[in-house]
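Chemist: I am attaching a structure below and will ask some questions about it afterwards.
The values are calculated or read from the model by the stated rules, or taken from the named source; none is laboratory data. Because the structure is a prediction, the values reported are computed rather than measured. So basically every Cβ, Gly included, is an ideal-geometry build from the backbone, and we count neighbours across all protein chains shown. For accessibility, only protein heavy atoms count, side chains too; no ligands or nucleic acids. Shrake-Rupley method; radii C 1.70, N 1.55, O 1.52, S 1.80 Å.
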Amino acid sequence: MWVLAILAPALACGAEPIDWKLTYTHHRTEDERDGIDLNLRGSRDARVFWLGHYWRANEFQQSRAGLEQSLSYDWGKLLLSAQAATRGFVGLASQAEIGSGGVRLLAGFGRTNLKPYYNLNFDPNDAVTLGLAVDLPAGMHASFFAVHDDRLDTGQTVLHAVLRTSEGPAQRWTVDAFQRRGPSGDGGERVRRTGLGITYDRAPYFARIVFDPNANFSGHDMWRLGFGGRF
């Protein structure tokens, strides 16, 4: 029932067709069983919704559904999102892009009910985000931002530098260099390690590879290989 409650607004009849995106991601983590994630994402106008399922052998499984709405104002853009998952998880987030010039401020805020959740964002969920979005020559776009846990007192922060070679997915490279800073696990040894994600789009298909050291501030390094298509 919670799935229908989240997705009903997005699936309501509208003039525009729904654009679909299906993604398969394989998670390869040292000293753990492999994980698999399937995510179906639909978008119509300024609204996006998704259904997903993650499983790691018989150790952990979780299904999720979410909804995202983009709003435009004179001062910039606001993105609001909500997600619910099995095991009782609920999360809310907002992100603003402030300004209309070639350099804009990024600010975000997220909160969850702290129920069990396998974090597929790989950034803290109960966090604040601050950064900059920059338009570059030849249609390229860059963003620089930090995601910092401001609720659980973990001291964990993830820094990102993202470059996209174009806005549209017809043919595009996306490079995300990120660094984790803070204690691993619950007050464990502090880490300061850098990871890299590379995505290549050639419509309607795309592929992604990510090396994530101390993924989710765990004690394990992870490789993620994903691919899919739009239809």
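Chemist: Keeping to segment 64-93, report how many residues are open to solvent by 40 Å² or more (accessible area, probe 1.4 Å) and of a type in the set (S, T, N, Q).
Modeler: Here the count works out to 4.
Chemist: Separate question: Mind listing just one residue for me: the one in segment 12-63 that is polar (S, T, N, Q) and open to solvent by 80 Å² or more (accessible area, probe 1.4 Å) and, of those, farthest from LEU120 (Cα to Cα)?
Modeler: Selected residue: ASN58.
Chemist: Please verify whether segment 218-231 includes one or more residues that are within 27 Å of GLU97 (Cα to Cα), outside any loop (DSSP other than H, G, I, E, B), open to solvent by less than 30 Å² (accessible area, probe 1.4 Å) and at pLDDT 95 or above.
Modeler: Looking for residues that are within 27 Å of GLU97 (Cα to Cα), outside any loop (DSSP other than H, G, I, E, B), open to solvent by less than 30 Å² (accessible area, probe 1.4 Å) and at pLDDT 95 or above, one finds none in segment 218-231, hence no.
Chemist: In addition: Return only the number of the condition from (1) touching a strand residue (DSSP E or B) at 6+ places or on another chain (Cβ under 6 Å); (2) farther than 23 Å from ASP221 by Cβ; (3) open to solvent by 70 Å² or more (accessible area, probe 1.4 Å); (4) at pLDDT below 95 that ARG164 does not satisfy.
Modeler: Condition (4) is where ARG164 drops out.
Chemist: So, of the residues in segment 120-136 that are within 15 Å of ARG180 (Cα to Cα) and not in a strand (DSSP E or B), which turns out to be most open to solvent (accessible area, probe 1.4 Å)?
Modeler: Looking at the filtered set, the residue picked out is ASN121.
Chemist: Looking at this structure, is THR157 open to solvent by less than 40 Å² (accessible area, probe 1.4 Å), closer than 20 Å to ASN214 by Cβ and of a type in the set (Ser, Thr, Tyr)?
Modeler: Criteria met by THR157.
Chemist: Something else about it: Looking at ALA96, ALA82 in this structure, which one is small (Gly, Ala, Ser), part of a strand (DSSP E or B), over 16 Å from GLY228 (Cβ atoms) and touching a helix residue (DSSP H, G or I) at 6+ places or on another chain (Cβ under 8 Å)?
Modeler: Unique residue meeting the criteria: ALA82.
Chemist: So if I check each of ARG192, ARG172, ARG181, which one is loosely packed, with under 14 Cβ neighbours inside 10 Å, free of Cβ contacts under 8 Å to residues at least 40 places away in the same chain, part of a strand (DSSP E or B) and touching a Lys or Arg at 6+ places or on another chain (Cβ under 7 Å)?
Modeler: ARG192
Chemist: Would you check if there is a residue in segment 122-136 being at pLDDT below 95 and under 27 Å from THR165 (Cα atoms)?
Modeler: no
Chemist: For PRO116, all conditions in the list (1) in a strand (DSSP E or B); (2) open to solvent by 40 Å² or more (accessible area, probe 1.4 Å); (3) closer than 23 Å to THR25 by Cβ hold save one; what is the number of the exception?
Modeler: So the condition that PRO116 fails would be (1).
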